[in-house]
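These notes concern the structure reproduced below.
The values are calculated or read from the model by the stated rules, or taken from the named source; none is laboratory data. Because the structure is a prediction, the values reported are computed rather than measured. Note that we place each Cβ from the backbone using ideal geometry, even for glycine, and neighbour counts take in every protein chain shown. We work out accessible area using only protein heavy atoms, side chains counted, and drop any ligands, DNA or RNA first. Shrake-Rupley method; radii C 1.70, N 1.55, O 1.52, S 1.80 Å.
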Amino acid sequence: MLLSTDIWVSALIRRAELGGAFATVARKGDAKAGAVLVKAVDRRENRARLFAEATRGDGERFWMQPTKSDFEPDLDAYAQRAARIDPDIWVIEIEDRDGRHFLTEAVED
């Protein structure tokens, strides 16, 4: 059984805060089953990365970058387009001095 999205998001934010980062919900979606985008921002390097959850053909879940841009306005525009398509989507922003995403699941860069 999977966690509801609101609980999963709370855990991600807590993990980031414990790691010394700042994390916030930029857009709140459906509490039970909303999809999530995670934007990891590295202020020292002035770059950002966006991560979206995906599922492989065998059912394994992982995180991928839906766009390879590291220009923050491009990532924000992607998130806005995604929200128009899926109004239940969540957007979490994490600012970290090392640009960490704090995702514990598999991540493909």
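Before moving on, here are some points about what is shown:
- Counted residues, region 77-100 - those being under 16 Å from Gly29 (Cβ atoms) and either free of Cβ contacts under 8 Å to residues at least 12 places away in the same chain or assigned to a helix (DSSP H, G or I) (or both): 8
- Taking first residues from region 50-66 that are modelled with pLDDT under 90 and partners that are of a type in the set (Phe, Trp, Tyr) and assigned to a strand (DSSP E or B), the Cβ contacts under 7 Å between residues at least 6 apart in sequence or on separate chains come to Arg56/Phe62.
- The listed residues are Thr104, Thr67, and the only one of them that is open to solvent by 30 Å² or more (accessible area, probe 1.4 Å) and in contact with a helix residue (DSSP H, G or I) (Cβ under 7 Å, 6 or more places away or on another chain) turns out to be Thr67.
- Residue within region 1-8 that is part of a helix (DSSP H, G or I) and open to solvent by 70 Å² or more (accessible area, probe 1.4 Å) present: yes
- Output for region 28-47, where each listed residue is more than 11 Å from the chain's Cα centre (by Cα) and not acidic (Asp, Glu): Lys28, Gly29, Ala31, Lys32, Ala33, Gly34, Arg43, Arg44, Asn46, Arg47
- Which listed residue, of Asp74, Asp70, is closer than 22 Å to Asp98 by Cβ and assigned to a loop (DSSP other than H, G, I, E, B): Asp70
- Among the residues of region 28-60, those identified as open to solvent by 70 Å² or more (accessible area, probe 1.4 Å), assigned to a strand (DSSP E or B) and either under 17 Å from Ile89 (Cα atoms) or of a type in the set (Val, Ile, Thr) (or both) are Glu53, Thr55.
- Members of region 1-10 that are more than 13 Å from Val38 (Cα to Cα) and of a type in the set (A, V, I, L, M, F, W, C): Met1, Leu2, Leu3, Ile7
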